[in-house]
Amino acid sequence: KQEVTQIPAALSVPEGENLVLNCSFTDSAIYNLQWFRQDPGKGLTSLLLIQSSQREQTSGRLNASLDKSSGRSTLYIAASQPGDSATYLCAVRQETSGSRLTFGEGTQLTVNP
Amino acid sequence: GAVVSQHPSWVICKSGTSVKIECRSLDFQATTMFWYRQFPKQSLMLMATSNEGSKATYEQGVEKDKFLINHASLTLSTLTVTSAHPEDSSFYICSVPGLVRADTQYFGPGTRLTVL
């Protein structure tokens, strides 16, 4: 059974810092990995999706990497802003699970002005 | 704009009552929709897969008689929490697989259920 772990559970940084969020998964037979953002009491917004054959994806100040063999992904946020404050979730889709996703418990990020 | 909507956004009910939550795909038809549950400070847990024209597929440990799912049309799935109890209080989120990019999912804004 796939298990997804995110470290740290919470992170508080001053504005402008570069930061890294970590995600690990136990079963490397994934189809893709996705990073989401969730604001309090809201649904999920997809940030980046990395296919299993890819090593990284970039969107603006966000960069996500994937090391499938070691079961790890990182989300790098450059020059953090208070508006980045949210919970960040990573989720993996197995090769054999159709569209079903397995989520980590998230990293709650606070960027202080 | 929103691709997936949910209604209501929040609901408070008494223990023992039933609550229906709607999930609508606004931009395209969806033969499959997913229902997740999220407890405070926890991750999303898949409850069931809603299939248009056939029975829903429930995850292990999810009571199908308690959480009734009806995929009424290609744009609407409903989740009914029957005989709700305080432990059913949670955030319920639905998602729809992408039409063009089936490897991504679009999530609804969620429904906060509080059972007194």
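The values are calculated or read from the model by the stated rules, or taken from the named source; none is laboratory data. Since we're looking at a predicted model, the values are computed, not measured. Here Cβ is always computed from backbone atoms with ideal geometry, including for glycine, and neighbour counts include all displayed protein chains.
Look at residue B:95 and say whether it is among the small types (Gly, Ala, Ser), in a strand (DSSP E or B), crowded, with 19+ Cβ neighbours inside 10 Å and at pLDDT below 95. Spelling it out, residue B:95 is indeed among the small types (Gly, Ala, Ser), in a strand (DSSP E or B), crowded, with 19+ Cβ neighbours inside 10 Å and at pLDDT below 95.
Considering the stretch B:49-58, the residues that are surrounded by 16 or more Cβ atoms within 10 Å (Cβ to Cβ) and part of a loop (DSSP other than H, G, I, E, B) include one that is modelled with the lowest pLDDT, namely B:52. Step by step: first the residues of the stretch B:10-48, then only those that are surrounded by 14 or more Cβ atoms within 10 Å (Cβ to Cβ) and touching a Lys or Arg at 6+ places or on another chain (Cβ under 9 Å), then the one that is farthest from the other protein chains (Cβ to nearest Cβ). Which residue is that? Restricting to residues being surrounded by 14 or more Cβ atoms within 10 Å (Cβ to Cβ) and touching a Lys or Arg at 6+ places or on another chain (Cβ under 9 Å), the top hit is B:11. For the structure I just gave you, tell me whether residue A:22 is of a type outside the set (A, V, I, L, M), within 22 Å of residue B:39 (Cα to Cα) and more than 14 Å from chain B (Cβ to nearest Cβ). Yes; evaluated as a whole, the condition is true for this residue. Inside the stretch A:34-61, can you point out the residues that are part of a loop (DSSP other than H, G, I, E, B) and either at pLDDT 95 or above or surrounded by fewer than 20 Cβ atoms within 10 Å (Cβ to Cβ) (or both)? Of everything in the stretch A:34-61, those that are part of a loop (DSSP other than H, G, I, E, B) and either at pLDDT 95 or above or surrounded by fewer than 20 Cβ atoms within 10 Å (Cβ to Cβ) (or both) turn out to be A:39, A:40, A:41, A:42, A:52, A:53, A:54, A:55, A:60, A:61.
The sole residue among B:69, B:93 that is under 13 Å from the mean Cα position of the chain (by Cα), in contact (Cβ under 8 Å) with a residue 12 or more places away in the chain and more than 10 Å from every other protein chain (Cβ to nearest Cβ) is B:69. Screening the candidates A:98, A:83, A:60 for the property of being over 10 Å from the mean Cα position of the chain (by Cα) and within 17 Å of residue B:104 (Cα to Cα) yields one hit, A:98. Just one residue in the set A:74, A:87, A:45, A:96 is within 12 Å of another protein chain (Cβ to nearest Cβ), among the β-branched types (Val, Ile, Thr) and touching a residue at least 24 places away in the same chain (Cβ under 8 Å); that residue is A:87.
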